[in-house]
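K.L.:
Just passing along the structure, written as structure tokens.
The values are calculated or read from the model by the stated rules, or taken from the named source; none is laboratory data. Everything numeric here is computed off the predicted structure, so don't read it as measured data. Note that each Cβ is placed from the backbone with ideal geometry, even for glycine, and that neighbours are counted across all protein chains shown. Keep in mind that these areas ignore ligands, DNA and RNA; they rest on the heavy atoms of the full protein, side chains included. Shrake-Rupley method; radii C 1.70, N 1.55, O 1.52, S 1.80 Å.
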Amino acid sequence: MAEKSKILIIGGTGYIGKFIVEASAQSGHPTFALLRESTVSDPAKAKLVEGFKNSGVTILIGDLNDRESLVNAIKQVDVVISAVGQMQLADQVNIIAAIKEAGNVKRFLPSEFGNDVDRARAVEPAKSAWAIKVGIRRAIEAEGIPYTYVSSNYFAGYSLTTLMQPGLPPPPRDKVTILGDGNAKGTKSSFKMLIVDNLSTSKEKID
Ligand SMILES: NC(=O)c1ccc[n+]([C@@H]2O[C@H](COP(=O)([O-])OP(=O)(O)OC[C@H]3O[C@@H](n4cnc5c(N)ncnc54)[C@H](OP(=O)(O)O)[C@@H]3O)[C@@H](O)[C@H]2O)c1
């Protein structure tokens, strides 16, 4: 049986990243999580980090802004998955540079996990974040790094706890803005994920 690829997740303690770390470890991939020292010593993250260790995940101390730690971590794996948050999206140029320096990576999945930013249109504030994701895509392609972009559209659960009130701690207790008369019907579509990579010219849709 072919050996499972070794996977490094950067941003593994985030909203999305923790599921990726868990899924990678459960699938039997040797899994590595690059975490900052401050994250590992954060009591609020202790349970999550302990769970990673119990699942056999190797914790590597590093930082998106520390080139040496990135290169050292990347040299140990075949696949790099970034799940860094919106504020760190632009800093993924550091991962691209480190992948080039390490020279061993078979595939890079940048932090996407939303709309297909090359095809969808957005208004602010999403527009600016999407522009950064587009820039990272072009930088990866310019460097000739094998890539996969995972476009999983919007997770309704992300905003449900705040009742769609961005920036408020969930649940908002003082004031809730109800759009319209509050009786508008919502729509729900089935989950669709678009995977775009440089392995084939066709786009694969997964229901
Ligand atoms: N489709 C949707 O509905 C949806 C919803 C949410 C997010 N997303 C997308 O999913 C991706 C991840 O977003 P998220 O909300 O899950 O992110 P997040 O919760 O903000 O998590 C960011 C992660 O990056 C880590 N990090 C921050 N600075 C770092 C540094 N300097 N070095 C190393 N690690 C660092 C954080 O570590 P700490 O734990 O130490 O802070 C955390 O693990 C984004 O591309 C976002 O656009 C999509």
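K.L.:
Being under 15 Å from the mean Cα position of the chain (by Cα), within 13 Å of the ligand (Cβ to nearest atom) and over 13 Å from L89 (Cα atoms), is that true of even one residue in the stretch 128-150?
P.N.:
Scanning the stretch 128-150, I find at least one residue that is under 15 Å from the mean Cα position of the chain (by Cα), within 13 Å of the ligand (Cβ to nearest atom) and over 13 Å from L89 (Cα atoms), so the answer is yes.
K.L.:
Kindly indicate whether L34 is among the hydrophobic types (A, V, I, L, M, F, W, C), in contact with a Ser or Thr (Cβ under 8 Å, 6 or more places away or on another chain) and within 11 Å of the ligand (Cβ to nearest atom).
P.N.:
So L34 passes the test.
K.L.:
Also, I was wondering about something else. Within the stretch 105-120, can one find any residue that is of a type outside the set (A, V, I, L, M) and out of contact with any strand residue (DSSP E or B) (no Cβ under 9 Å at 6 or more places or on another chain)?
P.N.:
No - not one qualifying residue is present in the stretch 105-120.
K.L.:
Sticking with this structure for a sec: Which condition number does N65 fail, the rest of (1) within 10 Å of the ligand (Cβ to nearest atom); (2) over 27 Å from F155 (Cα atoms); (3) in contact (Cβ under 8 Å) with a residue 40 or more places away in the chain; (4) not small (G, A, S) being met?
P.N.:
So N65 meets the others, but not (3).
K.L.:
With the requirement that a residue be open to solvent by less than 10 Å² (accessible area, probe 1.4 Å), outside any strand (DSSP E or B) and of a type in the set (S, T, N, Q), what does the stretch 64-110 give you?
P.N.:
Q92, the sole residue that qualifies.
K.L.:
While we're on this one: Could you say which residue among K53, K45 is near the ligand (Cβ under 8 Å from one of its atoms) and either in a helix (DSSP H, G or I) or open to solvent by 40 Å² or more (accessible area, probe 1.4 Å) (or both)?
P.N.:
Only one candidate qualifies: K45.
K.L.:
Quick one: which of G12, G56, G51, G103 is small (G, A, S) and within 23 Å of W130 (Cα to Cα)?
P.N.:
Going through G12, G56, G51, G103 in turn, just one is small (G, A, S) and within 23 Å of W130 (Cα to Cα): G12.
K.L.:
Identify all residues within the stretch 10-27 that are more than 6 Å from the ligand (Cβ to nearest atom), open to solvent by 30 Å² or more (accessible area, probe 1.4 Å) and of a type outside the set (A, V, I, L, M); write none if there are none.
P.N.:
The answer is K18, F19, E22, Q26, S27.
K.L.:
Within the stretch 129-137, is there a residue that is assigned to a loop (DSSP other than H, G, I, E, B) and open to solvent by less than 40 Å² (accessible area, probe 1.4 Å)?
P.N.:
No; the residues of the stretch 129-137 include none that is assigned to a loop (DSSP other than H, G, I, E, B) and open to solvent by less than 40 Å² (accessible area, probe 1.4 Å).
K.L.:
Kindly establish whether A2 is aliphatic (A, V, I, L, M) and either outside any loop (DSSP other than H, G, I, E, B) or within 17 Å of the chain's Cα centre (by Cα) (or both).
P.N.:
no
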